[in-house]
Each structure stands twice: as structure tokens, then as C-alpha cells.
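Comments concern the structure below.
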Amino acid sequence: MKHDPANAIFDLKQFGEYGDVNPSITDSATYTFMQAKTMTDTFHGETQGCFLYSRHWNPSNKYLADALAAMEGTEEGWVTASGMGAITSAILQLCKSGDHIVSSMTTYGGTFAFMSNYLPRFNIETTFVDITNPEAVRKAMKPNTRMIYTETMTNPLLQVSDIPALAAIADEHGAKLVVDNTFTPMIVAPAKLGAHIVVYSLTKFINGKNDCVAGAICGSRDFIGSLIDVNTGTAMLLGPVLDPMRSSSILKNLHTLHIRMQQHSKNAAYLAGKLNAAGLKAVYPGLENHSGHEVMKRIMNPEFGFGGMLAIDLVTADRAGRFMELMEMHDVGYLAVSLGYFKTLFSNSGKSTSSEVPEDVQKEMGLSEGLIRYSVGLDHDIERTWKRIEHCLVQMEIINA
Ligand code: PLP
């Protein structure tokens, strides 16, 4: 039977201590035992269902991690204090000194910076490739390649990764495919398409409220177990643990994700169509002219649409800046980084979330300095929003009245 991420969450039965419909919040760092031996056994991972210390596991975090694992169809999950906490923990758990990574050239700027500037300190080398070209990926593989890294829909160019093809390359070479699914929760379930590990910034669509920063790692029981091993686990030893209060609120927001993703997608598709018709060459994977449209159709759960992200190119950073200021003034949304919020957010990627990527690499990957990335909100009346954008386009003389 086809994996349905929304049904998997709907069917969860997670109750609180007194039968509360929402799981109780465990507001404790440590846990008491009646017998010393049980504590020793728990420390060595030999006791099921016992909690020891909240950097290792906290029940509130476990509820959220279990819900995310259900959504992804993986055996287990673990939640972190940020998306970068999830990404860096997963990578450092997989790779050691002397290992090699093949990564999409377009990734979130922080991930790019971690691989290109930070990992060399540990003698871990990364080759950046055009992830939409499987031949380029295959050619970049080396005997010591431990991991292929990509984003389902890349930030900010919205390229689409052919996850089954990348998983096949990883398997052929005994490497792991790690996929950041931050832009496309519900829409794509990477582990069901062959990815070995799925990482998230929960900060974005999954939480959807822009009131916290959080992340998650989903994968096999063995991998999650290795992450929190008391002697060698990256997550246990570096400690990027999420606060249980936040886990509890993110879990509640997760239960409305399927409806929100449909509305984000519906609104983004509407704006992409209008922008395109106005001659602005919108970049949106739902448009037939998008290079990843066919791959997207093959890997997506169609009922959730093509996502809430779209981009347009105003060629220069100056024009992009002026246009964004106008849109903010005319209540289209907010000039802000990040995404997945109920209000529309827009930013100039090359000068913000991808500014860690050197300018020559930005050029090589085709990232224009005038690119505006939109995270389209949950607007009730998207036609009205389009009229506001249209008004700004006319004022900037980008289109005629
Ligand atoms: N992955 C993607 C695709 C992102 O856009 C971001 C944005 O910040 C991150 C990861 C990092 O997540 P966080 O800010 O929660 O650490």
C-alpha cells in the first residue's frame, strides 16, 4: 500500500499521563530509578522504555520524533535544537577523517558553508555537483565516498532531486543518501524513495509558526541508535537537543501540516502562473516549463501540490531590493529570510540565505544576484495578493499597467 504521510500522523495514538489528548510535557532533565541495576542497564541501552537523561531522550521529544518517523515511514527519528543541528549531527555521524562527500552544489547556505569551510578541518572533503545530472554524480563518486547529500527541492534554485536515481548510485557505491526535505514535507517522502537518512529544519513548514528553531533526523533504528550512543554518538556527545516544551508545540502544529501544505501549494501555483503569464519567468516546479517538473511528478504525493516556494529573477540586487521593499509596503508579506510561515516571506537569496556561497560559485550554479525567493503564505484571497504584486510590478515599470 502507498505510504500516506498524513494518514500516518492521523493514526498516531499518543496520550498524556492522565489520558490527556495531547501528550504530557516532560519537564525534567533527569529520571529516577527504583533499582541501581536498571539505571546501569539503561545507560548501556539494554532497557526499553526507560529514560535516563534528557540529552539522550526525553519523552516529549520522543513523541515528536515518533510522529516524524511515522510521517517519513522510517524506523526512528530524533529531534534537534535546529535544522543545522540535525544536518551537522547526521553528517558527522556518517563521515570520519579521510571520507568524501558528493553534494548538490545548490543547498542551503549554512549546509554549503559547513561542507566547504568546516569539514576540511576534519579532513572530510566534498565535491559539489549539479545534482540534477546523475552522470555528474556518478562521475564524482570515489572509493572513499560515504555520502551523497541533497535537498529534495534545492534552496534557493528549486531544482528537483531524482531521489530514486541518487539512491541507486549511493547503493552501487556502498554510500548513504542523505536528503534534506525541509521544502517538501508531506509532498515527498524521501525514505520511501530509497534515501537512507532524511533531515529537516522543523523551523519551516513543519512547525509553520516561525516561533522557534528546531530540526530532525529520520532513519533506521541502527542509525538513530548510533547517533545517541553514549560513547560514540554525535548527537549524544555534541548535545544539540531540543527543548521538550518546543517539541510539544511542534507536535501539535504537525497535525495541521497536511492542510497547510495544500494551501501553500495552491497559493504558490496561482502566483507562479500569474507571474509567468506577466512575462516574469517564475521558477516553480509545478510549471511545465520547470526543468524538474517531470521528476517532481514522478516522486511526489500529488494531493499536496508542488510546494509553497517560488522564485523570480529581477537581474540586479538593487532592483530586487527595491521591489521587495515595495511589496512589504503594499502588504504582500514580509521582507524576511526563512520560509514555511503563514504569511508570505521574500528575500534575495544571493544576499542573504545563500550569501555563504562565494559569488563565483553562485554564478556557476546559476544563482542570479537579482533572485527573489518567495515562501508563499496561507493567504485566504490569493487573487487579492496577486493584485498587490501586480501593482508593485507596474510601479517599478517591470510590466505595463
Ligand atoms: N535546510 C534548509 C533547506 C534550510 O532552508 C535551512 C534554513 O535555515 C536549514 C536547513 C537550516 O535550518 P535551521 O535554521 O533550523 O538550523
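The values are calculated or read from the model by the stated rules, or taken from the named source; none is laboratory data. Bear in mind the structure is a predicted one, so any value in this text is a computation, not a measurement. When we count neighbours, we look across all protein chains shown, and the Cβ atoms used for this are built from the backbone with ideal geometry, even at glycine. Just so you know, the surface numbers come from the protein's heavy atoms only, side chains and all, with ligands and any DNA or RNA stripped out. Shrake-Rupley method; radii C 1.70, N 1.55, O 1.52, S 1.80 Å.
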### Matching residues in the range 5-28 - criterion: being on the phi < 0 side of the Ramachandran plot and loosely packed, with under 11 Cβ neighbours inside 10 Å
ASP11, LYS13, GLU17, TYR18, VAL21
### Task
Among residues belonging to the range 191-201 that are open to solvent by less than 10 Å² (accessible area, probe 1.4 Å) and within 13 Å of the ligand (Cβ to nearest atom), point out the one that is farthest from the chain's Cα centre (by Cα).
VAL198
### Task
Could you tell me whether HIS255 is of a type outside the set (D, E, K, R), more than 16 Å from the ligand (Cβ to nearest atom) and under 22 Å from ILE148 (Cβ atoms)?
no
### Query
Taking only pairs six or more apart or across chains, which ones have beta-carbon atoms under 9 Å, a first residue in the range 127-149 that is closer than 14 Å to ILE163 by Cβ and open to solvent by less than 40 Å² (accessible area, probe 1.4 Å), and a second residue that is among the acidic types (Asp, Glu) and at pLDDT 95 or above?
ILE131/GLU151; ILE131/ASP162; VAL137/ASP130; TYR149/ASP180
### Query
Do you know which residues across the range 158-186 are open to solvent by less than 10 Å² (accessible area, probe 1.4 Å), outside any loop (DSSP other than H, G, I, E, B) and among the small types (Gly, Ala, Ser)?
ALA167, ALA170
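Let's see how each residue does on (1) assigned to a loop (DSSP other than H, G, I, E, B); (2) surrounded by fewer than 16 Cβ atoms within 10 Å (Cβ to Cβ):
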| residue | (1), (2) |
| --- | --- |
| VAL332 | yes, no |
| TYR341 | yes, no |
| SER347 | no, no |
| THR353 | yes, no |
| GLN362 | no, no |
| ASP379 | yes, no |
| ARG384 | no, yes |
| LEU393 | no, no |
### Query
Restricting the range 90-116 to residues that are open to solvent by 30 Å² or more (accessible area, probe 1.4 Å), in a helix (DSSP H, G or I) and within 16 Å of the ligand (Cβ to nearest atom), which is nearest to ARG246 (Cα to Cα)?
LEU92
### Task
Being open to solvent by less than 10 Å² (accessible area, probe 1.4 Å) and in a loop (DSSP other than H, G, I, E, B) is the filter here, so list the residues in the range 57-89 that pass it.
ASN58
## Note on the structure
Residues in the range 223-244 that are over 22 Å from the mean Cα position of the chain (by Cα) and either within 15 Å of the ligand (Cβ to nearest atom) or of a type in the set (D, E, K, R) (or both) total 1
